[in-house]
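Everything below concerns the one structure shown next.
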Amino acid sequence: MKATCPTNPNHKRFVTIAHVQEEWVVDELGSFLFRKRGMEKVDYGPDPRTTWTCNECGAIAKVEP
């Protein structure tokens, strides 16, 4: 896939959504205490169907699969 900024094609960094799992340390009621470091799993990486925003100017990018 390829993202392109409509304002400036030299802009190459974008913000989008990815789904990750984290391991948390919780108390006996399930309340968050802190995140356990180093234990992440990516469920879904960046998807061309979600919104991608240019990190430099904020424009909505054109994303081609």
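Annotations
- Per-residue ³J(HN,Hα) for region 26-36, Karplus 6.51 cos²θ - 1.76 cosθ + 1.60, θ = phi - 60°, Hz, x for Gly and Pro: 10, 8, 5, 9, x, 6, 4, 10, 6, 8, 6
- In loop segments of the chain as defined by DSSP, the GluC sites (Glu not before Pro) with at most 16 further C-beta atoms inside 10 Å of their C-beta are Glu28, Glu56.
- Loop-located trypsin sites (Lys or Arg not before Pro) in the chain (DSSP state not H, G, I, E or B) with no more than 16 neighbouring Cβ atoms inside 10 Å: Lys12, Arg13, Arg49.
- Inter-label distance for Phe32 and Asn8, nm, one decimal - labels placed 7 Å from Cα along Cα-to-Cβ: 3.4 nm
- Amide N proximity, region 19-56 versus Glu64 label position 7 Å along Cα-to-Cβ, cut-off under 16 Å: 48-49
- In region 2-64, taking the dipole from charged Cβ atoms about the Cα centre, the farthest positive-side position among Trp52, Ala3, Leu33 is held by Ala3.
- Listed candidates (1) 15.4; (2) 13.7; (3) 14.0 - label of the one calculated as Kirkwood radius over Cα pairs in Å: (3)
- Around Asn55: net Lys/Arg minus Asp/Glu count, Cβ-Cβ under 14 Å: +1
- Summing Lys and Arg as +1 and Asp and Glu as -1 over all other residues whose Cβ lies under 11 Å from the Cβ of Glu23 gives a net charge of +2.
Any read-out appearing in this document is the output of simple, stated calculations on the displayed coordinates, not a laboratory observation. Keep in mind the model is a prediction, meaning the values are calculated, not measured. Cβ: placed from backbone, ideal geometry, glycine included. Neighbour counts: every protein chain shown.
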